[in-house]
1. Which of (1) among the aliphatic types (A, V, I, L, M); (2) under 27 Å from GLY85 (Cα atoms); (3) under 24 Å from the mean Cα position of the chain (by Cα) does LEU121 not meet, given it meets every other one?
2. Within segment 118-134, is even one residue outside any loop (DSSP other than H, G, I, E, B), at pLDDT 95 or above, buried (at least 20 other Cβ atoms within 10 Å of the Cβ) and of a type outside the set (S, T, N, Q)?
3. Within segment 170-201, can you find the residues that are aliphatic (A, V, I, L, M) and touching a Phe, Trp or Tyr at 6+ places or on another chain (Cβ under 7 Å)?
4. Out of LEU180, LEU200, LEU143, which single residue is touching a strand residue (DSSP E or B) at 6+ places or on another chain (Cβ under 6 Å) and touching a residue at least 24 places away in the same chain (Cβ under 8 Å)?
Amino acid sequence: MAAVPPSPAFPEPPQLGPPGDLPAVRVRGLRMAYGTHEVLSGVDFDVRQGEVVCLLGPNGAGKTTTIEVLEGFRLPSAGSVEVLGADPARGDDAWRARVGVVLQSWRDHPRWTPRRLLSYLGGYYEPYSTPERPRPWDVEDLLSTVGLTEEADRKIATLSGGRRRRLDVAVGLIGRPELLFLDEPTAGFDPQARRDFHDLVHRLSDLEGTSILLTTHDLGEAERLADRILILTDGRIVADGSAAALTRQVAGTSEVRWVRDGEQFVHATDDIVPFVRRLLDQHGDELTDLEVRRADLEDTYIAMVQRFESRPQRHLAEVAR
C-alpha cells in the first residue's frame, strides 16, 4: 500500500529535543487484536521527558489497552514500544521502580492504614534510590501532598471513595516515578480534591521532571493538565497537539448569536471578524445580545470523533481532507 503523506490537520508526533534526549515513551505501529477484532490499528506517538500527555477517546477506542501495553501488562500483536528505554514486557525490577501506575481501581488492604500501607510499599523502592532521585517518597510529605494527613491512621475500609482514590494516587507516587501512568485519576473526586490533584500534576512535571501519560473523560481536565492531547478513536490516533492547536486546526468554526426585532439568530463561520463587521454595518442599531462563541476542546473532540467514526475504513489523512 502506498504511503499517504501526513495532513497538516493531524501533525506527526512532535520532534524531540536535543540529540540523545530520549523520549520517556516511544510507540510505533502498535497493533492489538483479540481474535478477529482489532482494537489498536497502528498507533504512533511519543511522550517527552517531563511532558504531560493526555489520551482522549470514547469508550472502546483502545485507551486502556494502550496504557496496559505500555505498563507491560499486555503483549501487543505488532509494533514496537519503548518505555524509559526498555521493552515494558521485559522490564526488570529496577525498571519497574522507575514507573508509577494509578489504575482505575485496585484491591487495597482494608485493615491497613494509609500510613502503614505507604511505609510498607516504600520499602520496595529503597534499593533503587539514587542521588538524583531518592526513593521512596517521604511518607509524611506524600500523605500531605495527596490530602490524607488527617486520615493517615484510619483503616482504609473506613475511608470514603474519594479518599481511597487519593490513596490510589499516593500508591502510584510512593516510588517517586520518572514516568507516571494515570487512568481516570480523578474519578470520584470532589471539585476541591480535583483542583488539588491538578496542582500536584503540575508540581510533578515542573519540579520533579516526571513524565505523565493520563486518560480522562473530563475534557476540562485534559485542557488544564496536558501539554499535548492525543485523540484516539477506532484504534487510531486521529489528532495530536495542544488543546489550543487542536481547536484552531480541527474545529475552527465559531458561532455568532444575536437578537434583532425580538428574534434570535445563530450563524456559524470561520471568518468571524468580517462577518461581525458586516452584521454591525447592516443592522448595528437593531442588534441586541450580540455574542461570539469560539470553538473549544469539547467541540474539537466531538468533531474529530464523529468525523472519523463516520468513515471508519479510511486513512486518517483522507478524513482530514
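1. So the condition that LEU121 fails would be (3).
2. There is at least one residue in segment 118-134 that is outside any loop (DSSP other than H, G, I, E, B), at pLDDT 95 or above, buried (at least 20 other Cβ atoms within 10 Å of the Cβ) and of a type outside the set (S, T, N, Q).
3. Taking segment 170-201 and keeping what is aliphatic (A, V, I, L, M), we get 170-171, 173-174, 179-180, 182, 187, 193, 200-201.
Selection gives LEU173, ILE174.
4. Numbers: LEU200 fails: touching a strand residue (DSSP E or B) at 6+ places or on another chain (Cβ under 6 Å); LEU143 fails: touching a strand residue (DSSP E or B) at 6+ places or on another chain (Cβ under 6 Å).
Just a single option satisfies the conditions, and that option is LEU180.
The values are calculated or read from the model by the stated rules, or taken from the named source; none is laboratory data. Given the structure is predicted, the values throughout are model-derived calculations rather than measurements. All Cβ positions, glycine included, derive from the backbone under ideal geometry; neighbour counts span all protein chains shown.
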